[in-house]
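Enquirer: There's a structure below that I have some questions on.
The values are calculated or read from the model by the stated rules, or taken from the named source; none is laboratory data. Bear in mind the structure is a predicted one, so any value in this text is a computation, not a measurement. Reconstructed Cβ throughout: ideal geometry from the backbone, glycine too, with neighbour counts over all protein chains shown. With ligands, DNA and RNA removed, areas are computed over all heavy atoms of the protein, side chains included. Shrake-Rupley method; radii C 1.70, N 1.55, O 1.52, S 1.80 Å.
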Amino acid sequence: MPTHYDTLGVSKSASTDEIKKAYRKLCMQCHPDVASSSSSKSTAQSKNADKFKRISEAYSILGNENKRRRYNFDISESGIQELRKKAAKARGTAGGGGNSFAATLPRNVLIGGILGIAGVTIIRSIMPEKENDDTHHEHTGKKRLVEAWLNPKTKRWEKPRPWDQEYQRLQPVLQFVPRDQVDGGGGKR
């Protein structure tokens with residue numbers, strides 16, 4: 001596979017100015033708009049477009065000093081060996097073997113599960129459970145209130161039901177009343 005240096009036709013020791021000159025020269029030869037006037041065949045145009053993309057990519061990397069330094073490191077043999085050494089050191093071995101991700105996954109899942117269950121248990125012991133209406137009344141001396149309206153036909157408090165025709169026709173005023181007095185409001189919500 002050709003390197004970006006091969007694509008632009010410059011050496012690895014080429015200066016930024018030499019890279020820029022080579023790029024401009026190749027652009028004039030391969031740019032789809034410029035080269036299309038000299039050759040009218042569609043295959044030649046597509047080849048020129050592909051070549052122009054490769055040239056532009058090569059220049060975008062080699063024209064930027066930081067990207068060029070990184071690219072040189074990546075393509076050099078010593079750079080690859082150095083990366084392998086760092087990876088082996090991170091795994092804790094010099095030879096490249098050792099614990100792999102697949103080998104440690106079951107242990108990590110087990111530890112994560114145990115920690116998750118312990119966390120939920122601790123949170124449940126710290127946070128109080130929801131009270132029902134009876135225990136709330138015993139603790140506070142007050143009953144829980146809900147919004148309701150007094151139905152004139154049944155003479156009972158009902159929860160608001162905006163979809164009910166009777167409720168729509170009357171458009172009653174809502175009031176706060178104890179939950180146990182509302183039809184269907186005696187239990188938990």
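Enquirer: Could you give every pair whose Cβ atoms fall below 9 Å, whose first residue belongs to the range 10-21 and is touching a residue at least 24 places away in the same chain (Cβ under 8 Å) and charged (D, E, K, R), and whose second residue is surrounded by 12 or more Cβ atoms within 10 Å (Cβ to Cβ) and assigned to a loop (DSSP other than H, G, I, E, B), counting only separations of at least 6 or pairs across chains?
Expert: As it stands, the answer is Lys12/Thr3; Lys20/Gly63, since those pairs meet every condition given.
Enquirer: Test Lys153 against the stated conditions and say whether it is among the basic types (Lys, Arg), at pLDDT 85 or above and surrounded by 11 or more Cβ atoms within 10 Å (Cβ to Cβ).
Expert: On the way: among the basic types (Lys, Arg): yes; at pLDDT 85 or above: yes; surrounded by 11 or more Cβ atoms within 10 Å (Cβ to Cβ): no.
It is false that Lys153 is among the basic types (Lys, Arg), at pLDDT 85 or above and surrounded by 11 or more Cβ atoms within 10 Å (Cβ to Cβ).
Enquirer: Filtering the range 26-58 down to residues that are modelled with pLDDT under 80 and hydrophobic (A, V, I, L, M, F, W, C), which residue is least open to solvent (accessible area, probe 1.4 Å)? Give the derivation first.
Expert: Taking the range 26-58 first, the residues modelled with pLDDT under 80 are 32-46.
Retained after the next criterion (residues that are hydrophobic (A, V, I, L, M, F, W, C)): 34-35, 44.
Working: Val34: 67, Ala35: 8, Ala44: 30 Å².
Taking the candidates together, the pick is Ala35.
Enquirer: Within the range 109-127, is there a residue that is of a type in the set (S, T, N, Q) and at pLDDT 85 or above? Explain how you work it out, then say what you get.
Expert: Start the filter on the range 109-127 by keeping residues that are of a type in the set (S, T, N, Q), which leaves 121, 125.
Those left that are additionally at pLDDT 85 or above: 121, 125.
Within the range 109-127 (the criterion being of a type in the set (S, T, N, Q) and at pLDDT 85 or above), the answer is yes, since at least one residue qualifies.
Enquirer: Inside the range 156-166, can you point out the residues that are touching a Leu at 6+ places or on another chain (Cβ under 7 Å) and exposed (fewer than 12 other Cβ atoms within 10 Å of the Cβ)? Give the derivation first.
Expert: Going through the range 156-166, the residues touching a Leu at 6+ places or on another chain (Cβ under 7 Å) turn out to be 157, 160.
Within the range 156-166, no residue meets the criteria.
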